[in-house]
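S.K.: Okay, handing you the structure first.
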Amino acid sequence: MTGRKIGAVMVVGGGIGGVQSALDLAEAGYKVYLVESSPSIGGRMAQLDKTFPTNDCSMCILSPKLVECGRHPDIELLTYSELLGLEGEPGNFRAKVLKHARYVREDICTGCGTCQQKCPRRTASEFDGELGERKAIYVPYPQAIPNVPVIDKQICTYFLKGKCRVCEKVCPAGAIDFEQEDEELEIEVGAVILALGYETFDARLRGEYGYGRYKNVVTSLEFERILSASGPYRGEILRPSDNEHPRRIAWIQCTGSRDTSLGRGYCSSVCCMYAIKEAIIAQEHDPNLELTIFYNDIRAFGKGFEGYYESAKKAGIRFVKSIVSDVKELPRTKDLFIRYVEDGEVKEENFELVVLSVGLEPSEQTKLLAKKLGVELEPCGGFCSTPFFNPLSTTREGVYVCGVFQGPKDIPETVMQASAASAVASATISAERGTMLQQRQYLPEKQIKGEKPKIGVFVCHCGINIAAVVDVEAVRDYARTLPHVVWAEDNLFTCAQDTQERIKKVIQEEGLNRVVVAACSPRTHEPLFRQTLMEVGLNPYLFEMANIRDQCSWVHMKDKEGATQKAKDLVRMAVANAALLEPLERERLPVRKRALVVGGGLAGMTAALGFAEQGFEVFLVEREAELGGNMRHIYWTLSGEDPQAFLEEMIERVTTHPAIQVITNAEVVDHEGVQGNFSTGVMIAPTMTYRKLEHGVTVLATGGEEYKPKEYLYGEHPAVLTQMELEERIARGELDLGELRRVVMIQCVGSRTEQRPYCSRICCSVAVKNALKLKELAPDLEIHVLFRDIRTYGLLEQYYTKARERGVIFTRYIPERPPEVEAEGNRLLVKVWENTLKDDLILEADLVVLSTATLPRENEELAAMFKVQRTLEGFYLEAHMKLRPVDFSSDGIYMCGLAHSPKLMDETISQAQAAVARASTLLAKDEIEVGGVVARVEPELCAACLICVRACPYGVPYICEDGYSVIDPAKCRGCGNCAAECPQKAIQLQHYRDEQLVAKVLALTRGI
Amino acid sequence: MDYPPNVKLIRVPCSGRVDSVHLIKAFEEGMDGVYVAGCLEGECHFLTGNLRAKKRVEYVKGVLTTLGINPERLRMYNLSAAMGSRFVEIAREMTEMIRSLGPSPVKTGAGREFPQEQEEGEEQ
């Protein structure tokens, strides 16, 4: 490959996957073009009500990422746009993008929403699953980014009839532009990531369930909207036919999944969990609901899922193992009549609402784009083809993939893959890092020490959001009377781009040294205004907001006078606080551009190579003498790869890479420092040499191990093996297959038990894999798999189907009556209760293979050393289950592989790459800023009483040699617990000093 | 989503930042009621800050009792950022409760209100 490379990446698809990729890339120093076909980013996740297994509100956790994406100077949003084609070569592509006309100017629109209110044309809202309405000019949902409407040309009265233009008349900003035309852009990028997401299965294709004919049969996505407080029924559970509260609700699983007759022979991976979640949330809305889930297998295979499933059962949600044959509507009541078979008996029941748990699939548009780009798709379901050991690469070099387009998956796995894709995509252009970034222009910081406060107050109308309720002019005039206020004005939109310019001008002309904005929430807008201050050389902490929208106009609509009075109170409090604001110092610490990876298995080696390819140095520390970990015992995969060949090559690459230092036989013995500046001590055997490693980031990839069971005669009878032992014996030819007549595999050994309540995720696939291998080597061998639920999620389902086709016999057992194994000479007798036949099945077996749990490797000491958290089971605990799946809650430390939770090799590779991406956002920076809102100790006042040491949730304060408490600004999170507890008041939380909080109280009670 | 405008918020990074002194100061200044709103228990953004806040609220309730101020005027609530309607409910509940108690004795100079003779008709 020759020619110039380009330090920019195009991410196609603005759902959570695309957003995560974009953020990781931009933070790691690459320019990003984020292309989204709909009017706003957010994707499917924005439509969801809550998320499993934490019941987090989906929008609440997504929205900050969207805002960050929307405001990032190095992310260019191209919404309402589509990728048409890609020319050139990896490293230097020319992407053709069609930007559809919005008929609203993005540079002027302030998102006030007036046009939407006044538009006379209504249609069904796609966002609300057509249960609600939207206008012809619309923003898909309230928090949409960009918050700029589009005009739907298909239904707009002006476009249809040439008359109307109401939106144009009412728009206070003059942003409506009917003359706008579609635009074709050509953009140069070094790599492309496809995060194209999914569509839900068209339930009309399962005609027997009546979707589309019966109003009270809805899809699971529609039910999300029904549950949502911002949905069509405002969070009340109503059914569409009569807007009445249904009492009995049924979910039908696998609608459009695991169904080869419909060309969908894969499992959609998420439906079991989202159905359980929907049932749990529905029950929270109304505890008297009767909720039933009809299922094939409950596939609760992810981290924390099994416990969630168990809690649903305990809460009284009914699980019926049965395939529903059909649904009929009762004409008078519009209730639904369901017929199903349970335990061999035909049963009938009525429900008031039926939810179809629809599967996920790539849209036709996605498949078309793939074709245009020359990206090959899987025969099964049309998902993107990726090599097993390179799960983020498409068949076109330079084009990468993440999320559901690569195969059905949930949000955390999508986020992991999205980060991972950003790592592999940028690895090819890492030499161009930072070449295309926007330089933010800042004036040198003005020193304001000794100056009297000169406060400027900007009061926002927010269109009519505030002004319709609060008398904004009165608030402005009132602000002028307050102490230290030298300037007060009102703005239609204080956050608009032109107002930022105005604020800057006023600061300079009036010599302001504090700024108060009375508008909306600091949570969303404070960063913007702080940025504005910095641009004219004011310290960003000399800023204060009074929230007169969320706290006044929105919540006191019926009391305009009261709202105005309160707005004045809030402004007075804000001004009182502003007068006491101080510029805060942020220390800059250089970043040690080196990574430490602990653990030399597949996860650790992948991470090490990933860092090296990003151009960073790596220490790879392994406890054992050899690299490879568990992978040394894996000999084949379901899709036919050779792991040993891959491993050999990988070890070669790792050990010869000039940027990687491999340290084997090494044990971590100490660790200290903060993100960007860690130092870790290792003791190296056999000489027990101590070595100190200095690094900026840490990845813990300490792995897992197979549970060695105590049950089923393991260790007592030579014919009882674990799956890994079976694989090893077959591979080494130590098994005389000719001698074997019958093999029995037992699933869930040591998993899903009281003692170890989690599902080990991989054992079902491993059993299927080894059963298929045995069948391949000895076709006449009889193989039984005794299981509870077969959890071959996603595209793995194909192999489960294949195993059954090859004659592997799968028999379900119930946990109340687990199988029993008895020795009978060289052979074994396996007895299992068959619940459909209501009888014991007795199998004479030559070999019993136990599919045992995956345990985290011993990591307790290590976790304590690195001050990271673990789950009850001993797996590492991520900062956020959904959106930060590889970050620890301590900054600068990341996790991957089995140490996080059981997973397959391709998933481990993705996660390791994700850890690289997340860590690279830190390593890419030359220095990090620490400090700001942190606790500061006044040594003379400190009595070294240790109360702060105990109060800090993160263990940051310590008593130094000179006998006073020290709080490292780089480690402090700024919660202020220590300041509140300190009996001497020797500690003050900057920006929230006691003096400031009291000043607010006084301003409130005493007036001016 | 509507609640009485007599509720005014002071923003803190964590409910654990709220010092006993701040609470007492508010009462000293004649506030009729004060409540601390923190994350749900077990879901504190800063791990344990809300539990510390709870302890401090309990402590200040004791101080109020000693001073003859009805400790019911101070409360701790736990809710998540996603619970707007609960926030409204709390604001109303607290306002109604304070209305039924009447203005703070600090403001009226009415002397100890607590402990006092059986008060009737106290609404919750």
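S.K.: Once the Cα atoms of the stretch A:101-181 are picked out, what are the Rg and Dmax in Å?
M.R.: Computed over the Cα atoms of the stretch A:101-181, radius of gyration and Dmax are 11.7, 32 Å.
S.K.: Once the piece of chain linking A:I814 and A:K314 is laid out straight, how much longer is it, given 0.36 nm per residue of separation minus the C-alpha distance between them?
M.R.: In short, 178.3 nm is gained.
S.K.: Could you work out the pair-distance distribution P(r) of the stretch A:15-84 from its alpha-carbon pairs, with 10 angstrom bin width and percents rounded to whole numbers?
M.R.: Values per bin, smallest distances first: 21, 50, 24, 4.
S.K.: In the protein assembly as shown, if the dipole is taken from +1 on Lys/Arg beta carbons and -1 on Asp/Glu beta carbons about the Cα centre, which of B:V21, A:M650, A:P757 is farthest to the positive end?
M.R.: Result: B:V21.
S.K.: Around B:K107, under 15 Å between beta carbons, what's the net of Lys plus Arg minus Asp minus Glu among the other residues?
M.R.: Net of charged neighbours comes to +1.
S.K.: Right, another one. Which value, in Å to one decimal place, does the Kirkwood hydrodynamic radius take for the stretch A:871-942 when every pair of different Cα atoms is included?
M.R.: After inverting the mean inverse Cα-Cα distance, the result is 14.4 Å.
S.K.: Rounded to the nearest 20 debye, what is the charge dipole size of the stretch A:1-88 about its Cα centre when +1 sits on each Lys and Arg Cβ and -1 on each Asp and Glu Cβ?
M.R.: Here the stretch A:1-88 has a charge dipole of around 100 debye.
S.K.: What relative contact order, as a whole-number percentage, does the stretch A:455-582 give when Cα pairs under 8 Å and 6 or more residues apart are counted?
M.R.: Computed value for the stretch A:455-582: 33 percent relative contact order.
S.K.: What number, in percent, do you get for the relative contact order of the stretch A:934-989 if the mean sequence gap of Cα pairs under 8 Å and at least 6 apart is divided by its residue count?
M.R.: Worked out over the stretch A:934-989, it gives 49 percent.
S.K.: A further question on this structure: In whole percent, what relative contact order does chain A give with Cα contacts below 8 Å and a gap of six or more residues?
M.R.: 11 percent
S.K.: Still on this structure: From the helices alone, meaning DSSP H stretches of at least four residues, give me the mean residue ellipticity at 222 nm for chain A, per-run term -39500 (n - 2.57), in deg cm²/dmol to the nearest 500.
M.R.: -8000 deg cm²/dmol
S.K.: Once a ≥ b ≥ c are taken as the square roots of the eigenvalues of the Cα gyration tensor of the stretch A:455-582, is the result rounded (a/c under 1.5), prolate (a/b larger than b/c) or oblate (a/b not larger than b/c)?
M.R.: Prolate, because a/c is 1.5 or more and a/b exceeds b/c.
S.K.: Tally Lys/Arg at +1 and Asp/Glu at -1 over every other residue whose Cβ is under 12 Å from the Cβ of A:V404; what's the total?
M.R.: Around A:V404, the charge tally is -2.
S.K.: Enumerate by residue number the trypsin sites (Lys or Arg not before Pro) in the stretch A:819-880 meeting two conditions: DSSP loop (anything except H, G, I, E, B), and at most 16 other Cβ atoms within 10 Å of the site's Cβ.
M.R.: In loop regions of the stretch A:819-880 (DSSP not H, G, I, E or B), the sparsely surrounded trypsin sites (Lys or Arg not before Pro) are A:K838, A:K867.
S.K.: Roughly how many debye, to the nearest 20, is the charge dipole of the stretch A:455-582 about its Cα centre, given +1 on each Lys and Arg Cβ, -1 on each Asp and Glu Cβ, and no other charges?
M.R.: Computed charge dipole of the stretch A:455-582: roughly 200 debye.
S.K.: A further question follows. Taking a quarter of the surface of the Cα convex hull of the stretch A:116-249, what do you get in nm²?
M.R.: 12.2 nm²
S.K.: Once phi is turned into ³J(HN,Hα) by the Karplus curve 6.51 cos²θ - 1.76 cosθ + 1.60 with θ = phi - 60°, what whole-Hz value does each residue of the stretch A:36-45 show in order, with x for glycine and proline?
M.R.: 9, 7, 8, x, 9, 7, x, x, 5, 4
S.K.: Find, among the GluC sites (Glu not before Pro) in the stretch A:193-247, those assigned to loop by DSSP (not H, G, I, E, B) with at most 16 other beta-carbon atoms within 10 angstrom.
M.R.: Answer in residue order: A:E236, A:E244.
S.K.: Sticking with the crude label model, points 7 Å out along Cα→Cβ, report the distance from A:T395 to A:K161 in nm, one decimal please.
M.R.: It is 5.1 nm.
S.K.: Rank A:I193, A:L377, A:Q531 by how far each Cα sits towards the positive end of the charge dipole of the protein assembly as shown (+1 on Lys, Arg Cβ; -1 on Asp, Glu Cβ) and give me just the farthest.
M.R.: Projecting each Cα onto the dipole axis, the largest value belongs to A:Q531.
S.K.: Suppose every K and R has +1 on its Cβ and every D and E has -1 on its Cβ; what is the size of the dipole of chain A about the Cα centre, in Debye to the nearest 20?
M.R.: I would put it at about 2540 debye.
S.K.: GluC sites (Glu not before Pro) within the stretch A:673-750: which are DSSP loop residues with at most 10 other Cβ atoms inside 10 Å?
M.R.: A:E716, A:E734
S.K.: Which one, B:L67, A:L66, A:P590, projects farthest toward the positive side of the charge dipole computed for the protein assembly as shown from Cβ point charges (K/R +1, D/E -1)?
M.R.: It is B:L67, whose Cα lies furthest towards the positive end.
S.K.: Quick one: of the DSSP bridges fully inside chain A, what percent are antiparallel, nearest 5?
M.R.: 50 percent
S.K.: Quick check for you: which residues of the stretch A:600-615 have the amide N under 16 Å from the point 7 Å beyond the Cα of A:I684 toward its beta carbon?
M.R.: Residues A:600 qualify, since their backbone N sits under 16 Å from the label point.
S.K.: Can you work out the FRET efficiency for the pair A:E509 and A:Q984, with r the C-beta to C-beta distance and R0 = 56 Å, to the nearest 0.05?
M.R.: So, using R0 = 56 Å, E works out to roughly 0.80.
S.K.: For a footprinting-style exposure proxy, rank A:K50, A:K163, A:K446 by other Cβ within 10 Å, fewest first.
M.R.: A:K163, A:K446, A:K50
S.K.: If you don't mind, there's one more thing I want to ask. Can I get the semi-axes of chain A's equivalent ellipsoid? Compute them from the C-alpha gyration tensor as square roots of 5 times the eigenvalues, in angstrom, largest first.
M.R.: Equivalent-ellipsoid dimensions as semi-axes: 50, 37, 28 Å.
S.K.: Report the gain in length on full extension from A:V536 to A:I663: 0.36 nm times residue separation, minus Cα-Cα distance, nm rounded to one decimal.
M.R.: 40.8 nm
S.K.: Quick one: length gained pulling A:E133 to A:Q755 fully straight, 0.36 nm per residue minus the C-alpha distance?
M.R.: 218.9 nm
S.K.: Between A:D926 and A:D968, what's the calculated FRET efficiency when r is the beta-carbon distance and R0 is 25 Å? Round to 0.05.
M.R.: 0.75
S.K.: R0 = 60 Å: FRET efficiency of A:D107 with A:S261, Cβ-based, nearest 0.05?
M.R.: Rounded to the nearest 0.05, the efficiency is 0.70.
Any read-out appearing in this document is the output of simple, stated calculations on the displayed coordinates, not a laboratory observation. Please read all numbers here as calculations on a predicted model, not as lab measurements. Note that each Cβ is placed from the backbone with ideal geometry, even for glycine, and that neighbours are counted across all protein chains shown.
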